[in-house]
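K.L.:
I'd like to ask some things about the structure below.
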Amino acid sequence: MNNKIKRFIFCSGIVFTLAACSNPPSRQNFDYSLSQGQLELAQKIALEEGVSSDVDIATELLWSLEAGTLLRMNSELDRSTKVFDTSETLIKENETQNLAASGFSQAASMVVNDNIMGYTPQVYDRVMVNTYKALNFWQQANFTDARVEWNRVDDRQRRAAEYFSKEINAQKSSVKSNNLGETYSGAMERLGDSGVDVAKWAPYDGYINPASLYLHGLYFLINNESAADLSKAKESLKRAYALTRSKQIRADLNLANGGRKVAPGVWIVFENGTATHKVERRIDLPLFLVTSRVVYTGIALPVLESGSPAYPYLSVNGGRQTESFANMDKIIQGEFKTEFTGILIKELTRAVLKTAAQASMRNSDNKTVRLLGALTGIAQAVTTQADIRSWHTLPYEFQVTYVKWPKDGQLQINPSGGAAIQVDLPATPQPVVVYVRALNANTVPQVNLLTSKNAI
């Protein structure tokens with residue numbers, strides 16, 4: 001066998017192996033474990049894939065986000081916070097990575113696909129990391145560190161709109177500078193024909209996560225230590241109400257406007273279901289039907305498939321029901337829509353480069369080179385894969401309701417269609433949050449109690 005062909009076959013083997021990484025068995029096993037309510041098994045997989053086994057330090061960002069979430073759900077709060085802490089270190093490294101290394105990775109991704117690069121965290125990922133750390137500390141009555149994390153949440157939220165404004169302008173320039181106008185429009189049209197309506201994905205105003213914003217306001221309402229804290233609560237609750245028009249948030253804003261003292265009562269916050277996730281949508285064009293000079297060309301794009309709630313709502317003490325006030329799907333869709341232009345531009349550019357190389361070899365007078373061109377076409381077909389990585393343990397939505405402090409100090413929560421959950425409240429009446437998390441109907445809802453500093 002010709003040495004050139006041997007080398008190409010060897011390289012093709014590497015390429016095919018890399019191409020198989022878009023949805024590895026570990027991810028499939030993880031998702032199956034979640035769907036069956038096997039949270040301990042899912043946690044084990046996430047820890048093995050993304051966290052150092054001896055010191056709980058994040059080694060792979062996306063898996064560490066899954067691990068931190070599940071550790072939190074399984075009440076291992078110290079470990080959860082440590083994993084999220086070291087996940088933030090990986091996020092910072094992603095933000096300030098070496099330009100030369102980044103350039104090499106980008107070049108390699110143009111030959112294969114984006115799955116060979118490290119996971120790039122989204123803005124909502126960053127916000128939720130700090131939100132979960134703040135909730136961990138709050139649950140542990142560590143109000144000093146919780147305050148720090150809520151301030152970080154607020155800072156990240158304020159920078160979101162500025163970031164996406166720059167991103168949108170950069171992508172508009174990219175479409176023009178790459179002369180992709182007609183090609184871009186054609187791809188969008190084909191995508192629409194396949195049932196994907198990008199236009200319907202719309203963010204909350206300012207790319208804000210209303211859930212994190214509301215929880216920030218609720219924290220400073222319940223745990224305010226000064227007029228400045230109460231002012232923070234008012235500002236966040238006012239903004240959250242403007243985004244959601246939630247009756248409960250309006251009532252909380254009225255409470256904040258009434259002064260610093262908050263009467264004993266119970267807020268039930270429900271983190272419900274699993275969020276939207278990415279799936280691959282291919283636009284293939286087998287050009288051998290038209291010409292023998294090119295074997296394959298096409299693009300593969302990530303698109304969003306809607307998430308799902310675990311339960312429609314929770315009933316509390318046989319009366320009040322939780323109501324949705326923030327949809328994580330909408331948050332993710334809004335950010336993804338803004339980034340989609342860049343994803344499509346890169347995929348079109350990648351297809352052009354691969355197809356040009358394939359056509360050049362297929363047009364050669366040398367038989368060996370033409371054979372290599374055919375193999376290049378096969379490699380192009382195999383490596384045309386979308387990057388569908390995302391944080392799967394985020395919720396579909398957030399719900400909330402409020403009840404007055406029950407005289408017997410007990411709360412009964414009934415998931416619609418699920419078994420009742422009895423919650424013992426603190427002996428001292430105070431403003432508290434009962435935080436409920438359910439991934440799906442196969443998982444027992446996790447219930448945590450977040451107390452007030454002012455009652456300690």
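K.L.:
State which entries of LYS133/LYS337; LYS166/LYS238; LYS92/LYS234; LYS238/LYS404; LYS82/LYS337; LYS232/LYS407 exceed 24 angstrom in Cα-Cα distance in the structure shown.
P.N.:
On the way: LYS133/LYS337 27 Å; LYS166/LYS238 27 Å; LYS92/LYS234 31 Å; LYS238/LYS404 22 Å; LYS82/LYS337 32 Å; LYS232/LYS407 31 Å.
Table pairs above 24 Å Cα-Cα are LYS133/LYS337; LYS166/LYS238; LYS92/LYS234; LYS82/LYS337; LYS232/LYS407.
K.L.:
Over the heavy atoms of ILE116, what accessible area does a 1.4 Å probe trace out, to the nearest 10 Å²?
P.N.:
60 Å²
K.L.:
Turning to a different aspect of this structure: Given a Förster radius of 56 Å and the C-beta distance between SER165 and ALA455 as r, what FRET efficiency does 1/(1 + (r/R0)^6) yield to the nearest 0.05?
P.N.:
Numbers: r = 43 Å, r/R0 = 0.76.
Working from the Cβ atoms, E equals 0.85.
K.L.:
Please turn the phi angles of the range 147-152 into ³J(HN,Hα) values with the Karplus equation 6.51 cos²θ - 1.76 cosθ + 1.60 (θ = phi - 60°), one per residue in order, whole Hz, x for glycine and proline.
P.N.:
With the stated coefficients, the range 147-152 comes to 4, 4, 5, 5, 5, 5 Hz.
K.L.:
So, one more: Can you list residues from other chains, or at least 5 along the same chain, whose modelled amide H is less than 5 Å from the amide H of GLU397?
P.N.:
It is ASN272, MET328, by chain and number.
K.L.:
Please give the solvent-accessible surface of HIS216 in Å², to the nearest 10, using a probe radius of 1.4 Å with every protein chain present.
P.N.:
Looks like 10 Å² after rounding.
K.L.:
Sort LEU439, LEU47 from largest to smallest accessible area, using a 1.4 Å probe on the heavy atoms of the protein chains.
P.N.:
LEU47, LEU439
K.L.:
How big is the range 386-456 by Rg and Dmax over its Cα atoms, in Å?
P.N.:
Looking at the range 386-456, its Cα Rg and Dmax stand at 15.5, 56 Å.
K.L.:
Can I ask one more? Suppose the chain between GLN122 and ARG250 were pulled fully straight at 0.36 nm per residue; how much longer would it get relative to their current alpha carbon spacing?
P.N.:
Numbers: separation 128, 0.36 × 128 = 46.08 nm, distance 2.96 nm.
Result: 43.1 nm gained on full extension.
K.L.:
Out of residues 5 or more away from TYR402 or on other chains, whose amide H comes under 5 Å of its own, with H placed 1.01 Å from N in the peptide plane?
P.N.:
For TYR402, the qualifying residues are ILE268.
K.L.:
Shifting gears a bit: Measure off 7 Å from each Cα along the Cα-to-Cβ vector at VAL444 and ASN94, then give the distance between these two points in nanometres to one decimal.
P.N.:
3.4 nm
K.L.:
Return the aspartates and glutamates within reach of LYS200: Cα separation strictly under 14 angstrom, same-chain partners fewer than 8 residues apart disregarded; answer none if there are no such residues.
P.N.:
Qualifying aspartates and glutamates at Cα under 14 Å: GLU305, ASP329, GLU335.
K.L.:
What are the ³J(HN,Hα) couplings of the range 398-414, residue after residue, when phi is run through the Karplus curve with 6.51, -1.76, 1.60 and θ = phi - 60°? Round to Hz, x for glycine and proline.
P.N.:
These are the phi-based 3J(HN,Hα) values: 10, 10, 8, 7, 9, 10, 5, 4, x, 4, 8, x, 10, 10, 10, 10, 10 Hz.
K.L.:
If you don't mind, there's one more thing I want to ask. Along the Cα→Cβ direction, 7 angstrom out, place labels at ALA427 and SER52. What is the inter-label distance in nm?
P.N.:
4.3 nm
K.L.:
Now, a different point. Would you mind pulling out the separation of the Cα centroids of the range 125-152 and the range 25-102, in Å?
P.N.:
18 Å
The values are calculated or read from the model by the stated rules, or taken from the named source; none is laboratory data. All figures in this text were calculated on a predicted structure; none of them were measured in a lab. Cβ: placed from backbone, ideal geometry, glycine included. Neighbour counts: every protein chain shown. To get the accessible areas, we keep the full protein, side chains included, count just its heavy atoms, and leave off ligands, DNA and RNA. Shrake-Rupley method; radii C 1.70, N 1.55, O 1.52, S 1.80 Å.
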